[in-house]
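Working notes, beginning with the structure itself.
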Amino acid sequence: MAKTSLPLAASFLLLLLLISSAAAADTGRLFLTVVNHCPFAVWPAIQANAGHPVLEKGGFALPTNTHRSFFPPSTHWSGRIWGRTGCSNYNGKFSCVTGDCGHRLECNGLGGATPASLAQFDLHHGGHQDISSYGVSLVDGFNVPMTVTPHEGRGVCPVVGCREDLLKTCPSHLQLRSHGGHVVACKSGCEAFRTDELCCRNHYNSPRTCRASSHSLFFKHACPSTMTFAHDSPSLMHDCSSPRELKVIFCH
């Protein structure tokens, strides 16, 4: 019996060493966590900017009071995360009431339908630069409360986003309603009226001519730490040095 137990003990010790080595390799590496505190399921979606890899296949289901953590690339990654709501799989067709990405559970690089609350990221890690820039945008409207919360960072690392449920206060001319008549999202002025001025297009596509409107001010007054029109203050993207974790929290 003693002869057979030694290899088993050695194998177990080797396994522990491998696990410890893997954990040590990840020490100091930034990771992203998506948390759902909403009283309903949310289907997070992730879209990388051009030249960056898709994370977690671009989307997954997140039941209420659950979370999911994952690592972006260890050097540089930029992209966005949003929440899809009212998703279902009917007759083999997956679709979401808000934030839908081509009727797919895994968006795999596709963007989402507006209106949708967005978390934006530009993450640099390693060398002389270890900065995470992040912000929450309501430029494309609102569908679910969302914040970004950094952990263990240095410098200016505030919690930003929109904790308010703007579906309850959305003006009637901005409301997006379901087939059942429920308010499911709040449109931006651009989406509601599609003018160059409200969309900051053509002549209005510059910091000098793109201005806040009464529609963007509705979002700004409720959630002042969010970006609410195309050329809103760049200072609303925060640079946090060496955070250990960035949490995207729905219904914080």
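For the chain, the solvent-accessible area with a 1.4 angstrom probe is 52 square angstrom per residue.
Of the cross-linked pairs LYS168/LYS220; LYS57/LYS168; LYS57/LYS247, those separated by over 27 Å at the C-alpha level are LYS57/LYS168.
Starting from the residue with the highest accessible area, list ILE46, ILE131 in decreasing order, probe 1.4 Å.
My answer, sorted largest first, is ILE131, ILE46.
Computed on protein heavy atoms with a 1.4 Å probe, the accessible areas place VAL97, VAL139, VAL248 in the order VAL97, VAL139, VAL248, largest first. Counting only heavy atoms of the protein chains and using a 1.4 Å probe, THR64 has close to 60 Å² of accessible surface. Over the chain, DSSP H runs of length four or greater, each weighted -39,500 (n - 2.57), average out per residue to a 222 nm ellipticity of -5000 deg cm²/dmol. Think of each Lys and Arg Cβ as +1 and each Asp and Glu Cβ as -1; about the Cα centre, that makes the dipole of region 29-250 roughly 280 debye.
Of the whole protein surface, HIS182 contributes about 130 Å² of accessible area at a 1.4 Å probe radius.
Converting the Cα gyration tensor eigenvalues of region 82-177 into ellipsoid dimensions via √(5λ) gives semi-axes, longest first, of 29, 19, 10 Å.
Cα extents for region 141-220 along the principal axes, largest to smallest and rounded to whole angstrom: 42, 40, 16. The angle separating the long axis of helix 2-25 from the principal Cα axis of greatest extent in the chain is about 30 degrees. Entry note: region 112-252 has Rg to Rh equal to 1.01, where both radii use alpha-carbon atoms and Rh is the Kirkwood radius. When nucleic acids and ligands are ignored and a 1.4 Å probe is applied, ARG177 ends up with an accessible area of around 130 Å². The mean of 1/r over all distinct Cα pairs in the chain, once inverted, gives the Kirkwood hydrodynamic radius of 19.7 Å.
Surface listing: VAL144, VAL183, VAL156 arranged by accessible area from highest to lowest gives VAL156, VAL183, VAL144, probe 1.4 Å.
Counting Lys and Arg as +1 and Asp and Glu as -1 over every other residue whose Cβ lies under 11 Å from the Cβ of VAL183, the net charge comes to +2.
The values are calculated or read from the model by the stated rules, or taken from the named source; none is laboratory data. This one's a predicted model, so the numbers in the text were calculated from it and none came from an experiment. Cβ sites come from the backbone with ideal geometry, for glycine too, and all protein chains shown count toward neighbours. For accessibility, only protein heavy atoms count, side chains too; no ligands or nucleic acids. Shrake-Rupley method; radii C 1.70, N 1.55, O 1.52, S 1.80 Å.
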